[in-house]
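For reference, the structure discussed in these notes is given below.
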Amino acid sequence: MENREYDEVSLNRYLTILEDSLEKKSRALDTLSEMCSKQEEAICGEKLDVDTYNEVTELKGRIIENLNQLDDGFTALFDRVFPTVKSDPHKYADHVRRTQDLIAEISEKTILIEAAERRLQARLDRLAASGRPGTSAPHVAPGTAAGRYNATMNGAGGVSSIFVDNKRRK
């Protein structure tokens with residue numbers, strides 16, 4: 001990859017665009033979380049509302065596609081501006097801190113969505129195992145939403161350590 005230097009104004013704009021991308025991603029994850037809740041509601045007691053479940057699954061698929069596009073755009077821009085930011089991280093400390101905070105927020109939301117997806121799958125498995133009427137296997141897009149999202153995130157390359165806070169609070 002070619003190492004470019006950017007003027008201060010351009011780099012600040014690019015860093016703001018990266019932050020905006022992460023904010024959009026965070027909002028998309030909020031929507032994905034809401035979709036998981038709607039899927040849980042579609043599993044009423046020992047019965048499954050297949051139509052609602054399938055409709056929400058399709059919506060989740062579209063949200064995941066949007067997340068993939070956001071990730072692709074973020075990665076492409078990040079790869080272009082990172083060498084300049086790395087050369088003087090203190091100069092861009094505000095942007096770096098904001099990006100770190102957004103990445104931490106997104107990571108937390110992703111973990112919660114993964115847990116919701118596991119709960120959903122466990123409920124579906126229990127319904128299918130019970131053999132109750134109305135529990136035929138619903139149409140589920142390949143992989144769970146969180147699984148597809150994580151496969152995308154893991155395949156997109158790692159985030160540079162400059163954006164990962166090494167002093168994680170527990």
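Per-structure values
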| item | result |
| --- | --- |
| Solvent-accessible area of C44 with every protein chain in place, 1.4 Å probe, in Å² to the nearest 10 | 80 Å² |
| Carbon + sulfur, % of accessible area of the stretch 1-99 - ligands and nucleic acids excluded, 1.4 Å | 46 percent |
| Of K24/K91; K25/K86; K60/K91, those spanning more than 29 Å from alpha-carbon to alpha-carbon | K60/K91 |
| Cβ charges +1 (Lys, Arg) and -1 (Asp, Glu), total dipole of the stretch 1-126, debye | 180 debye |
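The values are calculated or read from the model by the stated rules, or taken from the named source; none is laboratory data. Remember, predicted model here, so these are calculated numbers, not experimental data. Every residue, glycine among them, receives a Cβ derived from its backbone with ideal geometry; neighbour counts consider all protein chains shown. To get the accessible areas, we keep the full protein, side chains included, count just its heavy atoms, and leave off ligands, DNA and RNA. Shrake-Rupley method; radii C 1.70, N 1.55, O 1.52, S 1.80 Å.
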